[in-house]
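Asks: Below you'll find the structure I mean.
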Amino acid sequence: DYLGFLRPRLEQAKRLLTATGSFFCHVDPREVHYVKVLCDQIFGRESFLGEIIWAYDFGGRSKRKWSQKHDNILWYAVDPKRYTFNFDAMERIPYMAPGLVGKAKAARGKTPTDVWWHTIVPTNGKERTGYPTQKPVGILRRIIAVHTRPNDRVLDFFAGSGTLGEAAAIAGRDAVLIDENPEAIAVMRRRLAPYLTESAS
């Protein structure tokens with residue numbers, strides 16, 4: 001019962017969020033519709049502020065259907081009228097047709113929309129930890145930069161390889177990482193060791 005497994009964690013997420021906090025749920029296209037209904041029940045439909053499509057172009061191609069090359073990230077805010085959104089902290093990206101916007105705009109770049117093109121973690125990349133479900137730091141860094149302030153705390157109930165922890169450390173935020181898999185705990189300990197102080201537990 002996947003939704004039954006998720007429900008208590010989503011309820012705790014809502015309980016722990018601050019008044020200006022946001023909740024992000026990363027899920028694949030096969031489950032996103034069911035998870036959104038559950039999130040609507042817990043957070044309220046009015047708290048749903050959007051869906052980010054993380055699109056990537058890597059891996060095999062099907063000859064029998066459209067190849068699935070995206071994941072979904074649902075975004076909810078505790079208060080849909082008052083939430084953290086640091087527009088000026090948003091990284092700019094290149095225009096796909098820079099010749100249509102002029103040199104000044106092309107040099108500055110554009111702000112992202114709700115469709116994010118970002119590669120998965122390369123097999124032989126420096127970022128790679130070997131953990132099977134590892135997500136790229138770039139995705140989490142963007143969310144943290146825009147949706148948190150310095151000294152804010154972020155929480156991941158399914159921390160896996162610890163990507164959120166590393167993104168938070170880079171941005172100067174605190175992080176609470178939870179995972180029941182011993183392999184994940186071991187990977188996170190190795191990965192986050194350079195960011196820990198002597199007083200960190």
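Asks: Once you put a point 7 Å from the Cα of Thr18 and another 7 Å from the Cα of Asn124, both along the Cβ direction, what distance in nm separates them?
Replies: That separation, rounded to one decimal, is 4.4 nm.
Asks: What whole-number distance in Å separates the alpha-carbon centres of segment 92-144 and segment 162-184?
Replies: 21 Å
Asks: A further question follows. Quick one: with all protein chains in place, what share of the accessible area of the chain is carbon or sulfur, to the nearest percent (1.4 Å probe)?
Replies: Values: 6900 of 12880 Å².
Here carbon and sulfur together make up 54 percent of the probe-accessible area.
Asks: Report the accessible area of Glu91, computed with a 1.4 Å probe over the heavy atoms of all protein chains in place, in Å² rounded to the nearest 10.
Replies: Accessible area of Glu91: about 90 Å².
Asks: Out of the trypsin sites (Lys or Arg not before Pro) in segment 1-33, which ones are loop residues according to DSSP with at most 15 other C-beta atoms within 10 Å? Mind showing how you got there, number by number?
Replies: Numbers: sites: Arg9, Lys14, Arg15, Arg30; in loops: Arg30.
Hits after loop and neighbour filter: Arg30.
Asks: Return the calculated 222 nm mean residue ellipticity for the chain, to the nearest 500 deg cm²/dmol, obtained by summing -39500 (n - 2.57) across DSSP H runs with n ≥ 4 and dividing by the residue count. Could the numbers behind the result be given before it?
Replies: Details: 6 runs with 64 residues, N = 201.
Mean residue ellipticity at 222 nm (helix-derived): -9500 deg cm²/dmol.
Asks: Once the piece of chain linking Met96 and Phe48 is laid out straight, how much longer is it, given 0.36 nm per residue of separation minus the C-alpha distance between them? Mind dumping the intermediate values first?
Replies: Working: separation 48, 0.36 × 48 = 17.28 nm, distance 2.90 nm.
Contour length minus Cα-Cα distance gives 14.4 nm.
Asks: While we're here: Just need the Rg to Rh number for segment 103-201, please, alpha carbons only, Kirkwood Rh. List each step's numbers first, then the result.
Replies: On the way: Rg = 15.1 Å, Rh = 14.8 Å.
A ratio of 1.02.
Asks: Let me know the shape class of segment 1-52, please: from the alpha-carbon gyration tensor, a ≥ b ≥ c as square roots of the eigenvalues, rounded when a/c is under 1.5, otherwise prolate if a/b is greater than b/c, or oblate. Kindly include the intermediate steps, with their values, before the conclusion.
Replies: Details: a/c = 1.85, a/b = 1.28, b/c = 1.45.
Here segment 1-52 falls in the oblate category.
Asks: Go ahead and set up a Gaussian network model of the chain, Cα springs under 10 Å, then flag whichever of Arg153, Arg82, Arg108 fluctuates most.
Replies: Largest GNM mean-square fluctuation: Arg108.
Asks: Could you provide, to the nearest whole Å², the per residue accessible area of the chain with probe 1.4 Å? Can you show the working numbers first?
Replies: Working: 12880 Å² over 201 residues.
Per-residue accessible area for the chain comes out at 64 Å².
Asks: Then there is this: At most 11 other Cβ atoms within 10 Å plus a DSSP loop assignment makes a site exposed; report the longest stretch of the chain without any exposed chymotrypsin sites (Phe, Trp or Tyr not before Pro). Walk me through the numbers on the way to the answer.
Replies: Details: sites that count: Phe58, Trp66.
Free of exposed loop sites, the longest segment is 67-201.
Asks: In the Gaussian network model of the chain, springs joining C-alpha atoms below 10 Å, which of Leu177, Leu16, Leu74 carries the largest mean-square fluctuation?
Replies: Leu16
Asks: Now, a different point. Go from 0 up to the bin containing the longest alpha carbon distance in the chain, width 5 Å each, and give me the % of pairs per bin.
Replies: For the chain, the pair-distance distribution reads 1, 6, 13, 17, 19, 18, 13, 8, 3, 1, 0.
Asks: Which of rounded, prolate or oblate describes segment 1-118 when judged by the alpha-carbon gyration tensor and an a/c cut-off of 1.5? Before the final figure, lay out each step's value.
Replies: Numbers: a/c = 3.24, a/b = 1.31, b/c = 2.46.
Note, shape of segment 1-118 comes out oblate.
The values are calculated or read from the model by the stated rules, or taken from the named source; none is laboratory data. Note that this is a predicted model, so its numbers are computed, not measured. When we count neighbours, we look across all protein chains shown, and the Cβ atoms used for this are built from the backbone with ideal geometry, even at glycine. Quick note on the areas: whole protein, heavy atoms, side chains included, nothing else; ligands and nucleic acids left out. Shrake-Rupley method; radii C 1.70, N 1.55, O 1.52, S 1.80 Å.
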